[in-house]
């Protein structure tokens, strides 16, 4: 959310502006930016408000953009995964990034039903850190938590359990310790954040029009984003919904690739932005 500057703390607005300015300068260089202002496509979560949309556009303009187009993350993820979203049939995409999980049913190039929750890869790491403190009286950092998640993380029972040694600090003695952690323990650690994602998926499906739900059932649900790569998430969602689930071959880069692909159809993006503005007014 874009918030105003308070008590000398840098606001999300300023962070967004500085980040966009950095990337624009990296591409064009400061000299060229003075005479050439680029068009920019920015990805936003599906649940972004009208105020937040305007704030992102303003931040991009201040960073040097001539024209800013917004695209919702599920739309970009679907494009990056190679889904033809222009067809009248329904497609369901679940993009699990670092900060948010975006779930959407897409038809004829637009989002019909969607949900965006702030439970994703970062929350997985937090859950692992909390679990290690609670279960082993051991403090580990975000990097160690991510290593556990990537190497032995699981949300569904593995055919063969795997373990990993991890170093941290004992909360009682304050001394460094090394323990062996199993994939089964990772399942326990990740129950809470994964349950939130499953509940959001169920909610979106319940609100999906019957015709589009039938289309999705006849095809499959597509998972994208780095968080979708955790072991067994596809199996867990398939058990919950009874619908086949596939993980995109380009899961990590789908949103970036789809955002680039959107440049080929900027007119449609502009029309969708106008529709969004009209729905706010």
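The values are calculated or read from the model by the stated rules, or taken from the named source; none is laboratory data. Given the structure is predicted, the values throughout are model-derived calculations rather than measurements. Cβ placement follows ideal geometry from the backbone for every residue including glycine, while neighbour counts extend to all protein chains displayed.
The residues of segment 216-228 that are surrounded by 19 or more Cβ atoms within 10 Å (Cβ to Cβ) and either more than 14 Å from the chain's Cα centre (by Cα) or outside any helix (DSSP H, G or I) (or both), listed by number, are 216, 221, 222, 223, 224, 225. Just one residue in the set 231, 156 is touching a residue at least 24 places away in the same chain (Cβ under 8 Å), crowded, with 16+ Cβ neighbours inside 10 Å, touching a strand residue (DSSP E or B) at 6+ places or on another chain (Cβ under 8 Å) and outside the structural domain of residue 127 (by TED's automatic domain parsing); that residue is 231. Report yes if some residue within segment 182-194 is on the phi > 0 side of the Ramachandran plot and outside any helix (DSSP H, G or I); otherwise report no. Scanning segment 182-194, I find no residue that is on the phi > 0 side of the Ramachandran plot and outside any helix (DSSP H, G or I), so the answer is no. If the condition is being closer than 30 Å to residue 201 by Cα, modelled with pLDDT of 75 or more and assigned to a helix (DSSP H, G or I), then segment 1-60 contributes 50, 51, 52, 53, 54, 55, 56, 57.
Across segment 102-143, which residue is surrounded by the fewest Cβ atoms within 10 Å (Cβ to Cβ) among those that are within 14 Å of residue 77 (Cβ to Cβ) and free of Cβ contacts under 8 Å to residues at least 60 places away in the same chain? That would be 106. Determine whether residue 140 is closer than 30 Å to residue 173 by Cβ, touching a strand residue (DSSP E or B) at 6+ places or on another chain (Cβ under 6 Å) and assigned by TED's automatic domain parsing to the domain that holds residue 181. Against the criterion (closer than 30 Å to residue 173 by Cβ, touching a strand residue (DSSP E or B) at 6+ places or on another chain (Cβ under 6 Å) and assigned by TED's automatic domain parsing to the domain that holds residue 181), residue 140 qualifies. Residue check: is residue 70 at pLDDT below 75 and either surrounded by 19 or more Cβ atoms within 10 Å (Cβ to Cβ) or more than 24 Å from residue 103 (Cα to Cα) (or both)? Answer is no for this residue. Taking segment 61-103 as the range and being in a loop (DSSP other than H, G, I, E, B), within 17 Å of the chain's Cα centre (by Cα) and farther than 20 Å from residue 18 by Cβ as the test, the residues that pass are 81, 97, 100.
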